[in-house]
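Note sheet for the following structure.
The values are calculated or read from the model by the stated rules, or taken from the named source; none is laboratory data. Keep in mind that this is a model prediction, so the values were computed, not measured. Neighbour counts run over all protein chains shown; Cβ positions are idealised from the backbone, glycine included.
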Amino acid sequence: MKNAPLLPAPRIFTLLLSLFTALALVVISAQPAIAQTETILYSFCRPGCADGAGPDAGLLMDSAGNLYGTTYDGGLSPNYQGVVYKLTPRGAETALHSFGAVANDGNHPSGQLIMDTLGNLYGTTRMGGSNNTSGGGDGTVFKLSSDGTETILYNFGASSTDGIEPTAGVIADAEGNLYGTTFEGGAYGEGTVFRLTPEGVETILHSFAGGSTDGAGPWTGLTMDSNGNLYGTTQYGGTGDRPPGYGGTVFEISANGDYSILHNFAGPATDGSYVNASLTLDSRGNLYGTTYNGGADAYDAGTVFKLTPGSNGSWEETILYNFTNLTAACRNPYSAVVFDSAGTLYGTTAYGGTHGFGCLYSLTPAGKLSTVHAFSGSPDGSVPVGNLLMSEGYLYGVAEASGNKNGGGIVFKIQR
C-alpha cells in the first residue's frame, strides 16, 4: 500500500496545528485584508460526538438553502467513523447517517456529496466496505435516500486490478452514471478513474502507472465539460516528478475514452507541484486550479494556475498567483477555486494569514490577491480545506479544525 501523501492530509494538519499557539505578528501582510463578516453556522465537537467531527469536504446546497456535507470522524459510538449531515439555514444540524454502525458499511467519508432530482445523496468513503486488501477496508460508493436509508452501490477492491481508497466524491452524467477516482489500486497500484452505472457496474477508465510517463495518486475528484470529457489531477508522477516523489499532472479522459496528460507540474521555482485540489472549468473551456506546493523562488507555498486549450491540442499554463511564506501571507492552497461574474477567483489556504490558521482569499483577473478572511482558531475555524460554495453573494465552506467545541471544526458563511 502506498504511503499517505508526502505532505500532511487534513487530519494530520489538525494534529500538527494543535501543537502550536498563534504568535503575535507585527509585520504587515503584503496581501490587503477585506473587512467582511463571517458567520459560524455550526461548530462540530470532538472527541466522539454524534454530530460528527473534522469536516474536510465541500458543501452541497438544496433549493431550500439547506446544506449537506460529510465529516471524516465522529458519529455514533463506538466507531466514530464519520457522518453525512444536514444543516438548515438557521444552523440546526442533523446527522443523516453515521458510518460503521453496521457490518461492511463504509467509513471515513472525505469527498463532496452530490444530489439527484429525487433528493438522494451520493458519495464515497475512503475506507470500509466488504473488501479489505488494504487493511482498513478498500472504500465504497454509497447512496443515501431522503429518509436516511443507505445503499452501498459499490465496494472497491473487488479484484486485484480494482481501485481502492477513494479520497474524493463522485460526479454524475445525464444518464445517472457516476464518475470518480481512487487514490490507490488499479493495474499498477497508482490509482484509477472509474465509471459506475446506476446499477452498480464498474468500469475502470484508466489505471495510473506513475513515473515520468503518467500521473499517480489522484487525490481529488473529476470535472466534466458539456461534451462529456473528464478532467482531473494527480498528486504524483509526470515529468516534473521531483524527489522525494511528487510533482503531479493534469489529465483528460475524452468522451470516447482517450487518455492524455495536459500538463506536467515542474515544481519550484518555475511551476507549482503537489495538487490537492479539483479543477474548475469556465465557459471558454479554460481550467483553473491550485497547487499546494511549488511556485516562484524558494517559497514552495503553492500557486493558482490556469490552463488554456490551444488550437493544436496542446494546453498552455499561466501562473495566476504565487503564494509566499512571508509573515501573515496566505499559503498552501488545498481546495479548488470558484469565480464570480466579474472573473474574480475565491479559494482557501490551509495555512498562513494573520493568525496562521489559514485564509479565504480573492484573486482579481489582474492578479491582485486579497485576504477576505483570516481564520483565527477557536472559536473561529482553522485549516479550511474543503471547496467553497458560492450562493447569492455569500461564500460557504468548512474548516476542519477549531470552533468552540474542542476543535471539531466549523461550517462558515462569509459575504464576499
* If we scan segment 180-189, do we find a residue that is surrounded by 20 or more Cβ atoms within 10 Å (Cβ to Cβ), free of Cβ contacts under 8 Å to residues at least 60 places away in the same chain, touching an Asp or Glu at 6+ places or on another chain (Cβ under 7 Å) and within 17 Å of ASN155 (Cα to Cα)? -> yes
* To do: Return yes when TYR299 is of a type in the set (Ser, Thr, Tyr), assigned to a strand (DSSP E or B) and surrounded by fewer than 24 Cβ atoms within 10 Å (Cβ to Cβ) and no when it is not.
  => no
* Looking only at segment 31-47, decide whether some residue is touching a helix residue (DSSP H, G or I) at 6+ places or on another chain (Cβ under 7 Å), modelled with pLDDT of 95 or more and either surrounded by 15 or more Cβ atoms within 10 Å (Cβ to Cβ) or under 16 Å from GLY397 (Cα atoms) (or both). => no
* Asked: Pairs under 7 Å by beta carbon, first residue closer than 22 Å to THR125 by Cβ in segment 50-66, partner part of a loop (DSSP other than H, G, I, E, B) and basic (Lys, Arg), six or more apart or different chains?
  -> ALA53/ARG46
* **Out of LEU144, LEU222, LEU178, LEU205, sole residue that is in contact with a His (Cβ under 7 Å, 6 or more places away or on another chain) and among the aliphatic types (A, V, I, L, M)** => LEU144
* Asked: If you go through segment 129-140 one residue at a time, do you hit one that is outside any loop (DSSP other than H, G, I, E, B) and closer than 20 Å to GLY82 by Cα?
  -> yes
* Sort out which residues of segment 150-176 are closer than 18 Å to TYR231 by Cα, surrounded by fewer than 16 Cβ atoms within 10 Å (Cβ to Cβ) and touching a residue at least 12 places away in the same chain (Cβ under 8 Å), and write them in order of number. => ASP173
* Every residue from segment 67-112 that is in contact (Cβ under 8 Å) with a residue 24 or more places away in the chain and of a type in the set (S, T, N, Q) -> THR70, THR71, SER77, ASN79, GLN81, SER98, ASN104, ASN107, SER110, GLN112
* Asked: Of all residues in segment 376-416, how many are outside any strand (DSSP E or B) and surrounded by fewer than 18 Cβ atoms within 10 Å (Cβ to Cβ)?
  -> 7
* So, in segment 323-350, of the ones that are free of Cβ contacts under 8 Å to residues at least 40 places away in the same chain and buried (at least 21 other Cβ atoms within 10 Å of the Cβ), which residue ends up nearest to GLY58 (Cα to Cα)? -> ARG331
* To do: Kindly indicate whether any position in segment 230-250 is of a type in the set (A, V, I, L, M), in a loop (DSSP other than H, G, I, E, B) and out of contact with any Ser or Thr (no Cβ under 6 Å at 6 or more places or on another chain).
  => no
* Asked: Considering only residues of segment 83-107 that are in a loop (DSSP other than H, G, I, E, B) and polar (S, T, N, Q), which is nearest to the chain's Cα centre (by Cα)?
  -> THR88
* To do: Sort through THR280, THR249, THR203, THR233 and tell me the only one that's crowded, with 17+ Cβ neighbours inside 10 Å, within 18 Å of THR181 (Cα to Cα), polar (S, T, N, Q) and free of Cβ contacts under 8 Å to residues at least 40 places away in the same chain.
  => THR249
* To do: Test GLY272 against the criterion of being at negative phi, touching a residue at least 12 places away in the same chain (Cβ under 8 Å) and touching a Pro at 6+ places or on another chain (Cβ under 6 Å), and give yes or no.
  => no
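Here's the yes/no breakdown for (1) of a type in the set (Phe, Trp, Tyr); (2) closer than 20 Å to THR223 by Cβ:
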site: GLY91; (1), (2): no, no
site: THR140; (1), (2): no, no
site: GLU150; (1), (2): no, no
site: ASP173; (1), (2): no, yes
site: PHE183; (1), (2): yes, yes
* Structure fact -> Within segment 307-322, the residues that are touching a Phe, Trp or Tyr at 6+ places or on another chain (Cβ under 6 Å) and surrounded by fewer than 18 Cβ atoms within 10 Å (Cβ to Cβ) are PRO309, ILE319
